[in-house]
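The values are calculated or read from the model by the stated rules, or taken from the named source; none is laboratory data. Keep in mind that this is a model prediction, so the values were computed, not measured. Don't worry about glycine lacking a Cβ; one is built from the backbone with ideal geometry, like all the others, and counts go over all protein chains shown. Calculation scope for accessible area: heavy atoms of the full protein, side chains included, ligands and nucleic acids excluded. Shrake-Rupley method; radii C 1.70, N 1.55, O 1.52, S 1.80 Å.
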Amino acid sequence: MRIRIDAVDLPGRLPAYGDIHVAVQRRDRPAELLEPQPADAPSATWTLECTTSTSPSGIEIKGPYVQDRLGRRFIYLSWGTVDDSGVFTMFRRAKLMLDVIPADVLTAAARDGLLVGRLGLTDAQGGPLCARVEPPHIGWSAARTDREG
């Protein structure tokens, strides 16, 4: 299965931070980031390869970008500044919670190959979205994907 994160409403450049970017953080490797996107982009999309398995509690998602803390799975979106030499320094993270996805959506995504999360990345104060992100701040849906591609 793949997880695609479709983000809109990025906060733009904020004078307090400078050159802000957002990226998906690899599990247990905060310095490894998937496709950093500038905060002034009109949108950002990331696609993550995952595996699923069935357990007594439902469908479990695992993968290199799926975090697992205290039995709760999630994806980190890391916000950071990028200096002139291209070094990313994280200052904030958002946790896209996977354990709140409705069972029927997760079952369909495991069957059809794609789980899509759609969200805006600007918080109520106009800054980068952070903390735990659950519905209604993110919408999850299943879609078909070409398993060969």
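For the reader, a short list of remarks on this structure follows.
- Nonlocal amide H pairs with Gly120, under 5 Å, H built at 1.01 Å: Val8
- FRET efficiency, Lys62 to Asp84 (Cβ-Cβ, R0 30 Å, nearest 0.05): 0.20
- nm² value of the averaged projected area, convex hull over the Cα atoms of the chain: 9.2 nm²
- Dividing the alpha-carbon radius of gyration of segment 80-149 by the rule-of-thumb value 2.2 N^0.38 Å gives 1.42.
- Residues with amide H under 5 Å from that of Leu114, placed H, sequence gap 5 or more: Arg2, Ala143, Thr145
- Candidates Ala124, Ala110, Ala44: whichever shows maximal mean-square fluctuation once the chain is modelled as a Gaussian network with Cα springs under 10 Å: Ala124
- Where His21, His137 fall by accessible area, highest first, once all protein chains stay in place (1.4 Å): His137, His21
- Entry note, the chain: the mean residue ellipticity at 222 nm calculated from DSSP H runs of n ≥ 4, each adding -39500 (n - 2.57), is -2000 deg cm²/dmol after division by the residues and rounding to the nearest 500.
- In this simple spin-label model, placing a label point 7 Å from the Cα along the Cα-to-Cβ direction at both Ser55 and Arg69 gives a separation of 1.7 nm.
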